[in-house]
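In what follows, a single structure is set out as C-alpha cells and then discussed.
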Amino acid sequence: MRILLVEDDPLLGDGIRAGLKLADYAVDWVCDGEAARLALLDHAYQACVLDLGLPKRDGLWLLKDLRERGNQLPVLILTARDSSADKIAGLDAGADDYLTKPFDLFELQARLRALIRRAGGNATPRLEHAGVVLEPASKRVSRDGQPVTLSAREFALLRDLLSHKNHIRTRAQLEESLYAWGEETGSNTVEVYIHHLRKKLGAQFIRTVRGLGYRLGDPG
Amino acid sequence: MPGTEPEPHAHSQSLRWRLLRAVFATALLVWGLNAVLSYTQARHEAEELMDGHLAQAARLLLALVRDNESHLEDLATRLASVRSQEKHRYESPLEFQVGRADGSLLLRSAHAPAKSLAAAPGYDDVSHAGHPWRVLTIASTSGDYRVQVAQSIDLRDRTALEVARRTVLPIALISPALLLLLYYSVRRALKPLDELAADVASRSPENLRPLAQNAAPLEARPLVSALNRLFGRLDDTLSNERRFTADAAHELRTPLAVVRIQAQVAQLSRNADDRQHALQQILLGADRATRVLEQLLRLARLDPLAGLPHPAEVDLAELAERVLSDARLAAADRCIVLERSDDRLLISGDAELLAIALRNLLDNALRYTPPATTIRIIAARQDGEMTLGVIDDGPGVPPTELPRLVERFYRGSAARAEGSGLGLAIAQRVAELHAARFELENLPGGGFAARLRWPRPPAA
C-alpha cells in the first residue's frame, strides 16, 4: 500500500511518514503542491494525505486538479484550518475525509484504512480469501482460524493481493505498492516474498500468471 | 453591584430635574411678580375709581344746593330713602355735609358729624369717631357753599382688596395646571435621551453597531457620533483580537501536532534509532511552539501601544554592534558583516524593541538565504536617512510575495518550519512605534533589503 503524503512542515511530515510506516504503508513524502502534482501523475497510490496550506500550489487547487483529471484516489485532508467553512470547501473540492491538527496517529491510520477499503469496493474491515483472513487494523492474519506470523513486507504484499481480488497484479505494481521512493528494491524481492507467503499460506494460495504477474488462487 | 443603587446626587445631576427646577422657579417667580403687580395695580385703580365717585357725588350735591337752599330739608330725607334700596356690590355708603362758607351746616347725611369736618380743601384723610375717613371738600365757584363727601376708609380698603383679589385669583388657580403642563413638556422633550439610554443599556457586548443618528435630538448628536466612533474603534479592536486569537491557535496547532504524532511514533517504534529520532523531533516541535508563543506575546504587548512607553536616546550603531555580537555566537558559520557609520546615530526610542526588530530581520536573512550568502547589518545614513536593517545578496523574494511578507503568520514559499511567521510583523510594529518607514525590497543588483528608515529631519 503506497501513500502520498503532501506536507510542507518538515517536523510534521517526518512524524506522519514514520507513523504510517509503522502501519506498513510505503510513504512518498513531498513538500509542495507542484511536486505533489507530478508525483500523482507518475505513480499509482492507494491514498493521499494532503495538507492545505502548501507552497507553490494550494492543496485545494491540487485536489480540484486531481478530480478534474478523473482520478478517484482517496484523499484525506490534514490541516490546521478548522472552521466548518474550510471543511466544507475541502470536502466539496473532492476530499474524502478531513482531519484537523493536532490529531491522533491511530485515528489517521484508521481513517486511511477505511478510505482504502471503501475505494476497493469493500465495506467490511476484513479481507478474506480461501480461508485466509487479514484484519488491517490489528494487522492479524490467520489461515483456517490459525494465526499466521508475517513480516511487514509479507503483510503488505498479502494486503495488496487481497485488496485486488480477481485482478492480476504485475510485479511492477506490487513493487510500487511495497516500496516508497528511496527504498532499495532487490531485483527479485517480490518473488522472495511470494515464496514466503506460499510457504505460510499454501502453495495454491497465490498463482503465477505466466508473463503477466500474480493473482489469488481459486478458493477450494 | 455598582449602578443599581441610586447615587446620592442623582437628582442634582439629572438634566430633567435641573430643567424642571429652573422652569418651575422661573415660572413661579414671574407669576409671583405678576400677582404682586396686578394686586397693587388693581388696588390703586380701585382707589382712583372710588375717588372719582366721591368727586362725582360732591359735584352733584353742590349743583343741587347752589342758589337754592329752599328744598334742602327735603333733599336729606329723599337721599336717605333712596339709600335704603338695594345696593351694588361696590357701592360703599357716602356721608356728606353741605354748609355755608362761614361754617354753618345746611344739610348732612344721617351718620355725618354735626359739626363741619376739619379737612383741607380737596382730598384728605381724617379721623372721625375713631374711624378713618376719606374726605373730599369742594366749594362753589362763588365761595358761598362748601360740600364735603366722606367715605369710610375701612370700607374702601375692603372694596379695593376685593377687586385686587379677583384679579389675582385666576393666576393662582391656573398655575398648578401650568406647572403640570411644563412638567410633561420637559419629560416629553427629554424622552429621546431616555430612549437613547435604553438602546445603549439593552445592548449586548457584541452589539457594536452604530446608534441611529437621526433618531437622536440635535443636541445629543455629538454624543451619539462620539459613541459611534468609540463603537467603531472597539469593534476594530475586538475583531483584531479575535483574528489574532484564531491565528495564534492556528499557528500552535502544527507544532502541537508534531509533538503528538512524534510522541506516538516514539511509543510504537521497536527500533531504538527511530525512537531517538522521534524524541529529537518532539524537542524541536516544543521549541517551535515556544518560539511562536514568545513572538505572539511580544506582538500582543506591542499591539495596544499608542506610543513608546519610555523613549530614550538610542545609538543605532552601537545597538547594531550588540545584535551582531550575539548573532555571531548563534550563527558562527555564516558570513555576517556590520556596516556602521563612524559617528553616533542617535534617535529617541526603545533600545530593546529596536534590538528585537533587528534580530528578527537578521533571523530571516539567516533562515531564508543559502549558507554562502553575505549578510550585512546596516546602521548608517543611507541617502541622508538614518537606516537600521539587514541586506543580503541572496536570491531575494518573489515580487508577488513582497506585500504579504508583513502579514501575520504569512510564510513565503521558501519558508522553513522554524519561523513563527511573526518576525516581520513585529519589526513593522516596532518601526511604527518609532515613526520609521519599514521597507522590504529586492535590490536591483540582486539580494534583499529589510530596513527601518527615519525620514530626514526638516532642516533646522
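Observations, loosely collected:
Residues are listed down the side, and each one gets a yes or a no for (1) within 13 Å of residue A:52 (Cβ to Cβ); (2) at pLDDT 85 or above:
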| position | (1), (2) |
| --- | --- |
| A:75 | yes, yes |
| A:84 | no, no |
| A:89 | yes, yes |
| A:95 | yes, yes |
| A:107 | no, yes |
| A:116 | no, yes |
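- Residue selection: residue A:54 satisfies the criterion of being touching a residue at least 40 places away in the same chain (Cβ under 8 Å), within 14 Å of chain B (Cβ to nearest Cβ) and farther than 22 Å from residue A:24 by Cα.
- Number of residues in the stretch B:349-397 that are closer than 25 Å to residue B:310 by Cβ, of a type outside the set (A, V, I, L, M, F, W, C) and assigned to a helix (DSSP H, G or I): the value is 3.
- Contacts under 7 angstrom Cβ, first residue in the stretch B:283-297 being facing another protein chain (nearest Cβ under 10 Å), partner polar (S, T, N, Q), 6 or more apart: B:285/B:262
- Residues in the stretch B:88-135 that are more than 16 Å from residue B:64 (Cβ to Cβ), in a strand (DSSP E or B) and among the hydrophobic types (A, V, I, L, M, F, W, C): B:126, B:133, B:135.
- Taking the criterion of being surrounded by 11 or more Cβ atoms within 10 Å (Cβ to Cβ), at pLDDT below 85 and either under 15 Å from residue B:192 (Cα atoms) or among the β-branched types (Val, Ile, Thr) (or both), the residues of the stretch B:207-228 that qualify are B:211, B:212, B:213, B:215, B:216, B:217, B:220.
- Residues in the stretch A:37-51 that are more than 14 Å from every other protein chain (Cβ to nearest Cβ) and either of a type in the set (D, E, K, R) or closer than 26 Å to residue B:263 by Cβ (or both): A:37, A:42, A:47, A:48, A:50.
- Looking only at the stretch A:15-36, and only at residues there that are within 13 Å of chain B (Cβ to nearest Cβ) and under 19 Å from residue B:255 (Cα atoms), the one that is surrounded by the fewest Cβ atoms within 10 Å (Cβ to Cβ): A:32
- Residue in the stretch A:80-94 that is β-branched (Val, Ile, Thr) and either within 11 Å of another protein chain (Cβ to nearest Cβ) or surrounded by 21 or more Cβ atoms within 10 Å (Cβ to Cβ) (or both) present: no
- Of the residues screened, residue A:157 is not one that is away from every other protein chain (no Cβ under 14 Å), at pLDDT 85 or above, part of a loop (DSSP other than H, G, I, E, B) and surrounded by 19 or more Cβ atoms within 10 Å (Cβ to Cβ).
- Entry remark, the stretch B:228-265: residues being away from chain A (no Cβ under 11 Å) and over 23 Å from residue B:301 (Cα atoms) number 2 in total.
- Single residue of the stretch B:193-211 satisfying the filter (in contact (Cβ under 8 Å) with a residue 12 or more places away in the chain and not acidic (Asp, Glu)) that is farthest from residue B:303 (Cα to Cα): B:193
- Odd one out for residue A:103, checked against (1) of a type in the set (A, V, I, L, M, F, W, C); (2) more than 9 Å from chain B (Cβ to nearest Cβ); (3) in a loop (DSSP other than H, G, I, E, B): (2)
- So residue B:170, is it in a helix (DSSP H, G or I) and either more than 57 Å from the chain's Cα centre (by Cα) or not small (Gly, Ala, Ser) (or both): yes
- Filter result for residue B:274 (in contact with a helix residue (DSSP H, G or I) (Cβ under 8 Å, 6 or more places away or on another chain), of a type outside the set (A, V, I, L, M), more than 25 Å from residue B:422 (Cα to Cα) and surrounded by fewer than 18 Cβ atoms within 10 Å (Cβ to Cβ)): yes
- Single unsatisfied condition, residue B:98 versus (1) loosely packed, with under 14 Cβ neighbours inside 10 Å; (2) of a type in the set (Val, Ile, Thr); (3) modelled with pLDDT under 85: (1)
The values are calculated or read from the model by the stated rules, or taken from the named source; none is laboratory data. Model, not experiment: these values are computed from the prediction. Here Cβ is always computed from backbone atoms with ideal geometry, including for glycine, and neighbour counts include all displayed protein chains.
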